Amino acid sequence: MKEQAKEKKKKVNNKKVIVISLLLLILAIYLIYVIYLLIKQPTNVFTIEEGKLYKEETDIGYVIRHETVVKGNNYKNGLEQIITEGERAAVNENIFRYYSTNEESLKNKIAELDTKIQEAMTEVNNQLPNSDMKLLEDQIDKQIENINKVTDMAKLEEEKKEIDDLVTKKARIAGDASPQGSYLRELIEERKGYESELNSGAEYVKAPMSGIVSYRVDGLEDVLTPDNFDSLSKEYLESLNLSTGKIVATSNEAGKVIDNFYCYIATITSSDEAKNASVGDNVKVRLSNNEEVEAEITNIIKEDDGDIILVLRLTEQIEELINYRKITFDLIWWDDSGLKVPNQAIVKENGLNYVVRNRAGYLNRILVKVERQGDKYSIISSYKTEELKELGISDEEIANYKKISLYDEILINPDLNKVE
């Protein structure tokens, strides 16, 4: 009896295994079929939103500028910036100076004399005309207060000079008004001598033109110029062996003034858009700071291997490019904004474009105008009445014409035959 019960239980278990296996097989077949249908003709719903469409490419660019290097005779002494990096200068304005010979020694001697003058003035302070001294001290205090707020190097130098002049004036009054005046006057005259020697030995360099001042000099200022665009070639640009994105080092011997109205980028490309481009076409450039700026194609040079050199002229973000000679950037051929939909949602019939709108389960096919089409998405809009008439649409159809709107739901890969 026990053996019969075991045998019976075994048969029941086997039947259960077979049934479960069949169910799992059917479920697997069903899932495979659903996946196949989705791949073959998915019916996903897409909600229309505002979007932007780009046709762009990422390129390597060589930065070319109108720039003039300025260098004086005493470049071995090192320079001190008067106008700082990236600031603008007027023509003939002092932009930097070279240090004097023995400048450090002269400055130390002047500092020592300043200490002695201050000590001598303290001794005779009670014998001075209070009103004059009080006025000078107030002026000095005001200048010192102002200097703490100054960030511009040129302005800072002016403020420091005014303070020195006021201190010297105070010392002269002290010298003239006190019995110890002769000693004080000697110190002042000695200081004037060192200061004269310091100033006469310094060489000031002026801006030859108005523009942006930079101290990032790389030796290519007279090589990569807007004057030789026609002689540019891929071989020549690549022979420069420049590193992409490398910041040009700051020079301690020379500076330069850059035209702040125009800047150029030369790039090598083989895109279809470049092959169909024309001089004068307007495009956009997206720089590493994500700023998009307008640019104009000024030169097109065709290489024997099919590549093309484009020269783009920019009038914005010139300061952003001062640090570089070779960059990565995005060249935007066109961009459009509007109702953005997947290309798979658009069906073409008799030369016209349609989408299928789903409202509460009710499907309508809507005639739409494709403003711009990219690789995956399109920008669409509704037709105006005049445009519908030009397409030959009947008055009755125009009266019943439904427009596509923001946040409408449309089908992906719709079948127009199944829609009224």
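The numbers here are math on the coordinates, done by the rules we state, and not lab data. Source: prediction; values computed, not measured. Virtual Cβ from ideal backbone geometry, glycine too; neighbours counted across all protein chains shown.
Things worth noting here:
- Inter-label distance, nm, simple model (7 Å from Cα along the C-beta direction), I398/E85: 6.5 nm
- Fully extended contour minus Cα-Cα distance, from N94 to E235, at 0.36 nm per residue: 46.8 nm
- Euclidean distance of C-alpha centroids, region 293-324 and region 381-397, integer Å: 42 Å
- Efficiency of FRET between S405 and Q373 - r from beta-carbon atoms, R0 22 angstrom, step 0.05: 0.65
- Structure note, pairs K256/K284; K52/K302; K284/K340: Cα-Cα distances above 23 angstrom occur for K256/K284; K52/K302.
- Using a Förster distance of 25 Å, the FRET efficiency for N44-D307 (Cβ separation, nearest 0.05): 0.05
- Label-point separation, L27 to E57 (7 Å along Cα→Cβ), nm: 5.2 nm
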